[in-house]
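The values are calculated or read from the model by the stated rules, or taken from the named source; none is laboratory data. Just so it is clear, the model here is predicted, and its values are computed rather than measured. FYI the Cβ positions are ideal-geometry reconstructions off the backbone, even for glycines, and counts take in every protein chain you see. Surface areas here come from the heavy atoms of the whole protein model, side chains and all, with no ligands, DNA or RNA. Shrake-Rupley method; radii C 1.70, N 1.55, O 1.52, S 1.80 Å.
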Amino acid sequence: GVMIADGRAASANGAAGSLFTEIETARGSVDAAIAALGEVLGAAGDASTQVVAADAYTVGETVWPLPTQASFLASVRRGCVLTPESQAFILEQMGTVIPEQQWGLGAVGASAFKGGWDYDDAGNAYVRQVGVVTAPDGHDYAVALSARLPTMAGTGDEEWLDTAEIDPFDVDFARTQLLADELAEWVTTNVSAAPPASSC
């Protein structure tokens, strides 16, 4: 989900929930909204991702593997999934991300990207991104990445965090975003030529 602030886009659970609610209202039910999202994924060639949601908030818990995220964005970029107007809007929003969320792919100059963060079932802090990066050969390619690190809880640093009055959540995700920066740097350094774009 994206919230617009001062002409820039910010990832926001509330915006994702609002979008899902609009789809639910237009389609008539949660199940119909889930089916609509599945249709969009299917149009991009993703037959394996199962959209799962009980409501507008839990749709964000759908497991969407990194390869299928990258394939989906590549399909959007090629104009295979959305109308030209919707494609332009999505890529424009993904290209104007607020400075605080320009880590990882944003730190290496991705022309469009979207990110998210949470804790996984094992208690690790994780971040994930999908975006469009330009290879040194001048061609664009879609990339998705994820970085995970154990939380600060249980590391023995809790006392320092308490003394410094620093929110462990902020520390967990700052550390994980730095790892995402390293991953994005590695990707852009090691991809010298983008694969040729396939047709829709």
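Odds and ends about this structure:
- Take every Cα pair under 8 Å whose residues are at least 6 apart in sequence, average their separation, divide by the length of the chain, and the relative contact order is 18 percent.
- Spin-label proximity, Ser29 to the stretch 37-70 - amide N less than 17 Å from point 7 Å beyond Cα toward beta carbon: 37-39, 51-56
- The overall shape of the stretch 58-133, judged from the alpha-carbon gyration tensor, is oblate: a/c is not under 1.5, and a/b is no greater than b/c.
- Volume per residue for the stretch 11-140 equals 125 cubic angstrom (convex hull of Cα atoms).
- Evaluated with a Cβ-only charge set (Lys, Arg +1; Asp, Glu -1), the stretch 40-157 carries a dipole of roughly 280 debye about its Cα centre, given to the nearest 20.
- Span-like helix criteria (full DSSP H runs; alpha carbon extent of at least 27 Å along the helix axis; mean Kyte-Doolittle hydropathy of at least -1.0) are satisfied in the chain by 168-190.
- In the context of the full set of protein chains, the stretch 20-120 has a per residue accessible area of 53 Å² (1.4 Å probe).
- Of the solvent-accessible surface of the chain, computed with a 1.4 Å probe and all protein chains present, 56% belongs to carbon and sulfur.
- Here the dipole of the chain is about 980 debye; that uses its Cα centre as origin and unit charges on the Cβ of Lys and Arg (positive) and Asp and Glu (negative).
- Ordered from largest to smallest accessible area (heavy atoms of protein chains, 1.4 Å probe), the residues Trp64, Trp117, Trp186 come out as Trp186, Trp117, Trp64.
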